[in-house]
Amino acid sequence: MSPLSRRMLLTAGLAGAGTSLVAAAATLGRRLGLVPPDAGGIYGAGETLTYAAHRLVGRHAMAREFPRHMISAAPFANSVIRRDEAFLHHQAAGFATWRLAVDGLVARPTSLSLAELRGMPVGRQITEIACEEGWSYIAEWIGTPLAAVLERTGVGPEARYVVYQSHDDNAWDSIDLEEARHPQTLLAWGMNGGELPVPFGGPLRMRVPRQLGYKSTKFVNRLVVTDSLAGFGSGKGSADAEAGYSWYAGI
Ligand SMILES: Nc1nc2c(c(=O)[nH]1)N[C@H]1C(S)=C(S)[C@@H](COP(=O)(O)O)O[C@H]1N2
Ligand SMILES: [Mo]
């Protein structure tokens with residue numbers, strides 16, 4: 001939890017000084033270039049306020065990590081049945097020829113096999129994944145820091161976001177480069193000591209522990225580095241934002 005929680009900000013903005021404070025903060029956010037892609041809707045000013053405050057005050061904040069004995073005995077996988085044809089073929093072949101594509105505003109577009117990802121620097125964390133619907137579990141995630149992948153490909157100076165796509169067409173998302181380079185942001189291929197099971201997003205899921213569970217997209221197969229989210233979907237930055245959830249889901 002960052003020093004300024006979402007709830008505190010909303011309370012301060014809406015109950016305290018009235019919506020004019022929210023509007024003022026939104027103006028400040030715009031001036032500082034801290035405007036989330038879904039700022040156009042009725043909650044837009046509040047979205048900008050939360051995002052700008054987290055980026056100004058809590059950019060280096062760490063998600064809470066837990067001791068090993070607190071790992072949930074029976075983690076709950078949110079069931080996902082939507083997976084494309086290609087995924088089923090890869091799954092049948094044990095993901096031997098599966099690759100993660102990395103392109104967009106990078107110096108060296110590339111694709112990485114699971115073995116190549118496992119051969120890169122390894123990050124591990126015991127964190128909680130929290131669904132907006134109210135349930136959560138604690139697990140150990142093992143994977144490649146997204147920062148290490150970006151370092152390997154090189155990132156153009158104009159880049160601002162990493163878009164991630166998956167074998168589930170309905171689940172694509174994006175984060176800003178700060179979140180992408182945060183040391184706890186992982187491309188997870190392992191969980192609780194073993195491989196990442198398919199129900200939990202295997203062979204590879206994004207793990208963004210500073211944001212709500214829906215940002216931790218499962219079955220990720222492509223990263224696109226970009227300076228603008230305008231060309232993706234309707235420009236709100238994620239499938240969830242298009243469905244009415246916040247693009248920025250910091251906790
Ligand atoms: N591909 C894909 N990834 C997804 C989802 C999904 O429906 N499809 N659901 C998201 C949501 S809403 C949550 S809360 C977490 C749940 O993670 P879990 O299945 O490990 O519990 O996955 C996220 N990643
Ligand atoms: Mo969720």
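The values are calculated or read from the model by the stated rules, or taken from the named source; none is laboratory data. Because the structure is predicted, anything quoted here is derived from the model rather than measured. Neighbour counts are summed over all protein chains in view; Cβ atoms, including those assigned to glycine, are modelled from backbone coordinates with ideal geometry.
Whenever a residue of the range 200-221 is within 12 Å of GLU128 (Cβ to Cβ), its partners that are near ligand 1 (Cβ under 7 Å from one of its atoms) and modelled with pLDDT under 95, lying with C-beta atoms within less than 6 angstrom and at least six residues away or across chains, give the pairs LEU212/GLU132; GLY213/CYS131. Scanning the range 182-214 for residues that are in contact with a helix residue (DSSP H, G or I) (Cβ under 8 Å, 6 or more places away or on another chain) and either more than 15 Å from ligand 2 (Cβ to nearest atom) or charged (D, E, K, R) (or both) returns HIS182, PRO183, THR185, LEU186, LEU187, TRP189, MET191, VAL198, PRO203, LEU204, ARG210. When the range 196-229 is filtered for residues that are small (Gly, Ala, Ser), within 12 Å of ligand 1 (Cβ to nearest atom) and in a loop (DSSP other than H, G, I, E, B), the ones remaining, listed by number, are GLY201, GLY202, SER216.
For the range 55-99, the tally of residues that are farther than 27 Å from GLU179 by Cβ and away from ligand 2 (no atom under 16 Å from the Cβ) stands at 14.
Pairing residues of the range 234-249 that are without any contact (Cβ under 8 Å) to a residue 12 or more places away in the chain with residues that are away from ligand 2 (no atom under 13 Å from the Cβ) and of a type in the set (Lys, Arg), at Cβ distances under 7 Å and at least 6 apart in sequence or on separate chains, gives GLU242/LYS236.
Checked against (1) within 11 Å of ligand 1 (Cβ to nearest atom); (2) at pLDDT 95 or above, VAL163 passes all but condition (1).
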